[in-house]
Protein chains: 2
Amino acid sequence: MAAVRLKLMAKALPSTATRVPYGLLLARLGQDATARFRRALRPLGLTAQQFIVLKQLETIGSTSQSALADALGIDYSNLATVAGELCEKGLIVRTREECDRRRYALDLTDEGSALLEDADRSIGSGEQDMLSALDESERTELWDLLRRMADSLELCPGTEAEACAKADGEASGRQSTP
Amino acid sequence: MAAVRLKLMAKALPSTATRVPYGLLLARLGQDATARFRRALRPLGLTAQQFIVLKQLETIGSTSQSALADALGIDYSNLATVAGELCEKGLIVRTREECDRRRYALDLTDEGSALLEDADRSIGSGEQDMLSALDESERTELWDLLRRMADSLELCPGTEAEACAKADGEASGRQSTP
DNA sequence: TATTGTTATACTCTATAACTATA
DNA sequence: TATAGTTATAGAGTATAACAATA
């Protein structure tokens, strides 16, 4: 009631002062991207989380659960749950490593790879939808900027080469963003 | 130890084929941004969702719940819940509009504005952390690209001017991304 | 009838802690 | 003892549907 804070005169240009913070833009766009994943993946019986883990496993190849959790920057216990689900569905296999029997080696099965192909197709259109405002060179530029941010935060490694290079460098702490 | 999957030859450039999809990068960075919000806001007794709604209300000024939900691209029922919480905390006020008594007008209270200032400060450092890999001009560029994506998806309007311009144009459908 | 807002509910995701087993 | 993984649980976010009040 009362004090209705009219601000009609502020109709000027989007100056730096009135900028929505980066984090807000990223958070909202990320939510939207995740929501698109969910809608596209539901018919395939995959959750967004399961897809992300599956996709990352395809990208970086065979790893342990802890290495995968580090790569994704998500919680160990949550990854254990997701890995269990994927295992039950027969999309990945877990085998104890001989050298250190505490560790599991995670690998995509053929079913997993096949499902991932379907998933990529389902996701494609939503992806294009999100990027429709940008032309080819802008998309490349955006990808590059996002990639560098993600790298500096050690999130979501992009290529096997990158992943290996990084694994050599660190291989320490249990949680990447504690 | 053992089978470390040496792949040193693959250390070439990240070709288009091996690129992680945009949606995956956005989803992961968005999750990280949200997690940073949560950590920064917890001491203030705010959830990430509450902050986003509050911040957006500050940005676009007085609106109805449905307009705010449209602006944020989130679900009406969820916004009703969050608005109720913010109201209980005394951070916003809801007043029925005279011209259409179905609608609420939402406005920040002085407490809400004050808390938002504290929140912005708490969030600042995490924000800088995320952007540390980019220099000043790259940040501007990133912001511009994200802004244009968000605009094309009608998510997270950035300025009052933009919001007004947009409100004139559309003012239709109940859910922005159905 | 169509729209605005509310409530309820199920599902997904995040975060913490306590636990087992291997090293 | 330290590390890899598991389980349990509470809290946060998302998605639907059913409903009341107003237009």
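Could you check residue A:130 against (1) of a type in the set (A, V, I, L, M); (2) touching an Asp or Glu at 6+ places or on another chain (Cβ under 9 Å); (3) under 20 Å from residue B:28 (Cβ atoms); (4) part of a strand (DSSP E or B) and say which number it fails?
The one condition residue A:130 does not meet is (4).
Can you tell me how many residues within the range B:44-65 are within 13 Å of the chain's Cα centre (by Cα), more than 21 Å from residue B:152 (Cα to Cα) and either more than 12 Å from chain A (Cβ to nearest Cβ) or aliphatic (A, V, I, L, M) (or both)?
Adding up the residues that qualify gives 4.
Just to check your reading of the model, which residue among A:41, A:8, A:24, A:13 is over 13 Å from the mean Cα position of the chain (by Cα) and at pLDDT 95 or above?
Every option except A:41 fails the conditions.
Of the residues in the range B:25-48, how many are over 10 Å from residue A:27 (Cβ atoms) and of a type in the set (S, T, N, Q)?
The total comes to 1.
Specify which of the listed residues (B:68, B:106) is under 17 Å from the mean Cα position of the chain (by Cα) and of a type outside the set (Ser, Thr, Tyr).
When all the criteria are applied, what remains is B:68.
Here's the yes/no breakdown for (1) over 17 Å from the mean Cα position of the chain (by Cα); (2) facing chain A (nearest Cβ under 8 Å); (3) within 14 Å of DNA strand C (Cβ to nearest atom):
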site	(1), (2), (3)
B:92	yes, no, yes
B:96	yes, no, yes
B:102	yes, no, yes
B:120	no, yes, no
B:138	yes, yes, no
B:142	no, yes, no
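Tell me which of these residue B:167 doesn't satisfy, since it passes every other one: (1) more than 7 Å from every other protein chain (Cβ to nearest Cβ); (2) modelled with pLDDT of 95 or more.
Every listed condition holds for residue B:167 apart from (2).
Does any residue of the range B:142-152 turn out to be modelled with pLDDT under 95, of a type in the set (S, T, N, Q) and in contact with a helix residue (DSSP H, G or I) (Cβ under 9 Å, 6 or more places away or on another chain)?
Yes, the range B:142-152 contains at least one residue that is modelled with pLDDT under 95, of a type in the set (S, T, N, Q) and in contact with a helix residue (DSSP H, G or I) (Cβ under 9 Å, 6 or more places away or on another chain).
With free of Cβ contacts under 8 Å to residues at least 60 places away in the same chain, in a helix (DSSP H, G or I) and out of contact with any His (no Cβ under 8 Å at 6 or more places or on another chain) as the only criterion, which of B:41, B:25, B:54 stands out?
B:25
Got at least one residue in the range B:65-73 being modelled with pLDDT of 95 or more, buried (at least 18 other Cβ atoms within 10 Å of the Cβ) and hydrophobic (A, V, I, L, M, F, W, C)?
Within the range B:65-73, not a single residue is modelled with pLDDT of 95 or more, buried (at least 18 other Cβ atoms within 10 Å of the Cβ) and hydrophobic (A, V, I, L, M, F, W, C).
Do you know which residues across the range A:121-150 are among the charged types (D, E, K, R) and in contact (Cβ under 8 Å) with a residue 12 or more places away in the chain?
A:127, A:129
If I ask for residues that are among the hydrophobic types (A, V, I, L, M, F, W, C), assigned to a helix (DSSP H, G or I) and in contact (Cβ under 8 Å) with a residue 40 or more places away in the chain, which ones from the range A:64-114 would you list?
A:67, A:71, A:72
Restricting the range B:74-98 to residues that are within 10 Å of DNA strand D (Cβ to nearest atom) and crowded, with 17+ Cβ neighbours inside 10 Å, which is farthest from residue B:153 (Cα to Cα)?
B:82
The values are calculated or read from the model by the stated rules, or taken from the named source; none is laboratory data. Bear in mind the structure is a predicted one, so any value in this text is a computation, not a measurement. Reconstructed Cβ throughout: ideal geometry from the backbone, glycine too, with neighbour counts over all protein chains shown.
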